[in-house]
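Computed from the coordinates by the stated procedures, all read-outs in this text should not be read as laboratory data. Keep in mind that what you see is a predicted model, and the values were worked out from it rather than measured. All Cβ positions, even for glycine, are placed from backbone atoms using ideal geometry, and neighbour counts span all protein chains on display.
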Amino acid sequence: MKVRFGALFFAAAACCGVMGFAAGKENAEMKKGIVLVAFGTSVPEARIALDHIDRRARERFKDIEIRWAYTSTFIRRKLAKEGLVYNSPLAALVKMHEEGFTHVAVQSLHIAAGAEFHELAKTVSLMRSGPDAFRSIALGKPLLVRRVDVERVVESVLGSLPELSQEDAVVLMGHGNEHGHGDMAFLATAAQFQKMHPRAFLGTVEGQPSLDDVIENCRKHLPKRAYLVPFMGVAGDHARNDLAGDEPDSWKSSIAALGIECIPVLKGMGEIDGVVDVWLDHLSEALKIAEKE
Ligand code: CO
């Protein structure tokens, strides 16, 4: 009798409460995922930084599946020849859609909202409507967006270095972009470095501030030693060659020419907990937006 009554009740609920029942069913089928997006690196020693980000993300977002995508076609093809298969952001997302993921947060591991970040934003918007759309997809902001991001990152990077004496300086190499995308973030960050340490000079490979600005500052202060630090997610090709390489046009050679001893610190920002936390806070914000839908 009890069983019958239950069955009757169930039928009535399914009939009269269609909306409520449907919503419950949809919730049960929610499949959440995270995609971490980096430029990628083919330097095995530089992978440490990406592995560290991966570990921290898995610790913090335990119940959610985490995947990676590399934006650089060159790096992906190079790694594929070594048998290491990485997806582009679009390929990773399409694959997840096929596997039934419904709610996805994509986290940019870029430093600034520059050209590459905007390419990623275009890819994410492709998955927002049309036949392969997720029920919800959100894009996490790159590292340096708000003033507080800049403050936290500068403090963490300086905190990761050895104790600095009156004779030491710090030279940081960001990437930047020749068309100026991301310049504002780097200029603000350079100012914050100066505020926190009078001899911490940030320059970029392609944008502003430039190596000329760094050299001018080194000339003005003439420190005895300069720590050379990549202001990039990984200590990859730029860090090893353009910053710390022995070629005559490397930053090391240019600064050493002023009589300053150069000490390269080949550590990517992905290896610094305080920096990774900023990226993961942005991911947490993106997840909240994705889960709302
Ligand atoms: Co480059």
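What is the fewest-to-most order of Ser125, Ser254 by other Cβ atoms lying within 10 Å of their Cβ?
Details: Ser125 11, Ser254 18.
In order of increasing Cβ crowding within 10 Å: Ser125, Ser254.
Residues whose amide H falls under 5 Å from that of Leu36, counting only those 5 or more places apart or on a different chain, are Arg67, Trp68, Ala69, Gln107, with hydrogens built in the peptide plane. In terms of its Cα atoms, the stretch 83-230 spans 60, 37, 31 Å along the principal axes, sorted from long to short.
Among Gly270, Gly207, Gly83, determine the one that fluctuates most according to a GNM of the chain built with springs between C-alpha atoms less than 10 Å apart. Maximum fluctuation in the GNM of the chain, among the listed residues, is at Gly83.
Taking a straight Cα-Cα cut-off under 18 Å and skipping sequence neighbours fewer than 8 places away in the same chain, the aspartates and glutamates within cross-link reach of Lys122 are Asp132. From least to most packed, judged by other beta carbons within 10 angstrom and beginning with the fewest, Ser165, Ser284 follow the order Ser165, Ser284. Pairwise inverse Cα distances across the chain, averaged and inverted, put the Kirkwood hydrodynamic radius at 21.0 Å. Taking label points 7 Å from Cα along the Cα-to-Cβ direction, His197 and Glu29 give a separation of 5.4 nm.
Can you tell me which of 225-231, 98-104, 49-55 comes out highest on packing, and rank the rest after it, using the mean Cβ neighbours within 10 Å? Can you show the working numbers first?
Numbers: 225-231: 23.4, 98-104: 16.4, 49-55: 18.4.
The most tightly packed comes first, giving 225-231, 49-55, 98-104.
Taking amide H positions as modeled 1.01 Å from N, with prolines and chain starts lacking one, the residues under 5 Å from Gly233 and 5 or more places away or on another chain are Met269.
Other residues with beta-carbon under 13 Å from the beta-carbon of Glu167 carry, at +1 per Lys or Arg and -1 per Asp or Glu, a net charge of 0.
Arrange the following residues from fewest to most other Cβ atoms within 10 Å of their Cβ: Leu243, Leu84.
Working: Leu243 28, Leu84 11.
Ranked by crowding around the Cβ, least crowded first: Leu84, Leu243.
When Rg and the Kirkwood radius Rh are both evaluated on Cα atoms of the stretch 100-167, their ratio Rg/Rh stands at 1.21.
Placing +1 on the Cβ of every Lys and Arg and -1 on the Cβ of every Asp and Glu, with no other charges, gives the chain a dipole of roughly 1220 debye about its Cα centre. Computed from the Cα positions only, the extents of the stretch 197-293 along the three principal axes stand at 58, 27, 23 Å, in decreasing order. Summarising the amide proton neighbourhood of Ile137: residues at separation of 5 or more, or on other chains, whose placed amide H is nearer than 5 Å comprise Val104.
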